[in-house]
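The values are calculated or read from the model by the stated rules, or taken from the named source; none is laboratory data. All of these numbers come straight from a predicted model, not from anything done at the bench. Cβ placement follows ideal geometry from the backbone for every residue including glycine, while neighbour counts extend to all protein chains displayed. All accessible areas refer to the heavy atoms of the entire protein, side chains included, with ligands and DNA or RNA removed. Shrake-Rupley method; radii C 1.70, N 1.55, O 1.52, S 1.80 Å.
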Amino acid sequence: MPIFLHDTMSRELRPLLLKPSRDVFGMYCCGPTVYGPAHIGNFRTFILQDVLRRTLEVGGMQVKHVRNITDVDDKTIRGSQAAGQTLATFTASWTKKFHEDCQALGLLAPHVEPSAVAHIPQQIAMIEALVKRGHAYVAKDGSVYFKVCSCADYGKLSHLDRSKLATQTTNSAGEANDADEYDRESAADFALWKSWKPEDGENRWASPWGDGRPGWHIECSAMSLQHLGATFDLHGGGVDLCFPHHENEIAQTECSTGVKGFAAHWFHSAHLLVDGDKMSKSKGNLYTLEQLTSKGFTPMEVRYALISGHYRTPLNFTLHGVENARSALTKLERWTERLLATAGFSQAEFAAPLVHETQTAWGRFAPAWETLQSDLNIPGCLGQIFTVVGEKDSLTPEQARQDVVGLAKLLHALGLQLFTAKATTSIPPEVAELAAQRWAAKQTKNFAQADQLRQALTQAGWTMLDRKDGYDLKPN
Ligand code: AMP
Ligand code: ZN
């Protein structure tokens, strides 16, 4: 069964399918602007994109994930000047920090991570094509603007009322856009190329229209064209990017290539809020991963908290939410330890990709997987996982093995790693079998048999430590 996902453009749930002409699913995600640490609101969006990619992969699809680095814009230039560094040095250090946080949070590295500065010739070529085709004009100062009225279906993504289309001063989240004014013909037009101004300092690139730098929107059009082609399967970003950024990306690419159908599917994630307000660098109401780990939370607990709400609903961030994530992960770890013991799997085997790549079984986790496939319903999926965790069971090792495989695949799709802080010891299958029998005997109140089995375990060199909801096995 394919994954169904809401598409912003059609406003429908649509299946994510590979086109017959392609063997790889092309996915472009707008990446971070590297002028400071990414906050956990940014990471909510990046983690949701990561879960989507992982879910597609667990479903058997090959994905090409492209996520760019925005390393030239007003913010990066101003930031580098304030730090007394070159733009390249300044953005490299924040890119490094971003990568460290991504790794800690269990994000898979994108297959391609293009930088805007490394794609200036491609952006210039696209702007030249737009000027040539009559979709862009050069202003007196050498800036180049996209002529919005030349694009008949401009606004199709965000369902804009074209008669009311006057300006791009607010984005789709209702926030002010820091769009530069310069001398546009129409307030709706937006900059493709910004002519050099003294405040840009040494940050200037030569172009047919004089020295300057690219506008923000053209970066993503040029990089997606370079790495995925004129049309590809899915484009993602936070909901604030829908208008004008993504609307402008569509207009630029479709008008410069002459090919319609830029992205087949649009995946927008709702914001992370603090006290009902969007978490953002400019508002200063943000949390970074570092601030949370210094409070004693693990990156996995932060990841769990960030995926615990549906991607189409804003999520209010609280420290209480991360504490709940900790309790949920601890409960799941304990339950999984018992399941692994029954199935005769070690924690290392559970974490190894082999478990989820080679098996098709889902065990009792089939409903959780179906829920995840239905509009990436992560909270629903987690709910289904805990329904299984709460069930009374006395499984055979084979049944437990099916559950292990199903759970391993699900946790891989969600990017949740268990037992990250603990050493892993392999439990021999015969010991696991004895432990499972003893647990079953105890559940049925056959205490004499349970005692005998405990002795057999001791002879085999293992101790069974009972808890209310399960047991641990420790070598003597
Ligand atoms: P930026 O680094 O500002 O370019 O943003 C990187 C990504 O984070 C974009 O997809 C934004 O839409 C997204 N984003 C920014 N703030 C939030 C937030 N509070 N919650 C969720 N996503 C956000
Ligand atoms: Zn973008």
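Using only the Cα atoms of segment 20-269, build the gyration tensor, take square roots of its eigenvalues as a ≥ b ≥ c, and label the shape rounded, prolate or oblate: rounded if a/c is under 1.5, else prolate if a/b is larger than b/c, else oblate. The shape class here is oblate. I need the calculated FRET efficiency for the pair GLN455 and GLN359, taking r as the beta carbon distance and R₀ as 56 Å, to the nearest 0.05. Here the calculated transfer efficiency is 0.95. Over the chain, all Cα pairs binned in 10 Å intervals from 0 give whole-percent P(r) values of 4, 18, 26, 22, 14, 8, 5, 2, 1, 0, listed from short to long. Rolling a 1.4 angstrom probe over the protein heavy atoms with all chains in place gives segment 429-475 an accessible area of 58 Å² per residue. Take every Cα pair under 8 Å in the chain that's 6+ residues apart, average their separations, divide by the length, and report that relative contact order as a whole percent. Worked out over the chain, it gives 16 percent.
Considering helices alone, the calculated mean residue ellipticity of the chain at 222 nm is -13000 deg cm²/dmol, with DSSP H runs of length four and up weighted by -39500 (n - 2.57) and normalised per residue. Solvent exposure of segment 181-318 amounts to 35 Å² per residue of accessible area, where only protein heavy atoms count and the probe is 1.4 Å.
The portion of the accessible surface of the chain made up by carbon and sulfur, rounded to a whole percent, is 53 (1.4 Å probe; DNA, RNA and ligands excluded). Roughly how many Å is it from the Cα centre of segment 339-402 to that of segment 47-115, as a whole number? Using only Cα atoms, the two centres lie 31 Å from each other.
Using a cut-off of 19 Å between Cα atoms, the listed pairs LYS295/LYS474; LYS194/LYS260; LYS147/LYS194; LYS75/LYS97; LYS19/LYS260; LYS19/LYS64 include LYS295/LYS474; LYS194/LYS260 as exceeding that distance. Spacing of the modelled spin labels on ASN446 and ASN285, each 7 Å from Cα toward Cβ, amounts to 6.0 nm.
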